[in-house]
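The values are calculated or read from the model by the stated rules, or taken from the named source; none is laboratory data. This structure is a prediction, so every number in the text was calculated from the model and none was measured. Here the Cβ positions follow ideal geometry from the backbone for every residue, glycine too, while neighbour counts run over all protein chains shown. Areas reflect the complete protein model, heavy atoms only, side chains present, ligands, DNA and RNA absent. Shrake-Rupley method; radii C 1.70, N 1.55, O 1.52, S 1.80 Å.
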Amino acid sequence: MNRNELVAGVASKAGIPRNQAEKVLDALGDVVTEAVHKGDKVSLTGLLSIERVLRAPRTGRNPQTGEPLSIPAGYSVRLSCGSRLKAAARGNLRTIS
């Protein structure tokens, strides 16, 4: 599903015009991005949770030369699936609605 299909699906389910659904998705993206930037955990119960995690420094290898190189610590994002999303992936549609 691409962004246009997602906007159309949200508009249809919510009974709102496409332009309003697009504004809602844009706002959701902004709010989630700002929360993760601040280090907050975002949880949509049953669907997913998103949090910023610190990755430890590690040693990697240059793929061309095989030479070891130091990769500094940095932040990444961890996504965890909620129960409804897991049920949908398993094909158990009764627990989704």
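In this structure, is Val42 surrounded by 13 or more Cβ atoms within 10 Å (Cβ to Cβ), at pLDDT 95 or above and under 12 Å from the mean Cα position of the chain (by Cα)?
Answer is yes for this residue.
Go through (1) surrounded by 10 or more Cβ atoms within 10 Å (Cβ to Cβ); (2) more than 22 Å from Arg3 (Cα to Cα); (3) small (Gly, Ala, Ser) and name the single condition Ser76 misses.
All conditions are met except number (1).
Among the candidates Ile50, Ile71, single out the residue that is over 21 Å from the mean Cα position of the chain (by Cα), of a type in the set (Val, Ile, Thr) and open to solvent by less than 90 Å² (accessible area, probe 1.4 Å). Before the answer, list the steps.
Values: Ile50 fails: over 21 Å from the mean Cα position of the chain (by Cα).
Unique residue meeting the criteria: Ile71.
What pairs come up if the first residue lies in the range 31-46 and is without any contact (Cβ under 8 Å) to a residue 12 or more places away in the chain, the second is outside any helix (DSSP H, G or I) and of a type in the set (Asp, Glu), and their beta carbons are under 6 Å apart, counting only those six or more places apart or on different chains?
Every condition considered, the pairs that remain are Lys41/Glu51.
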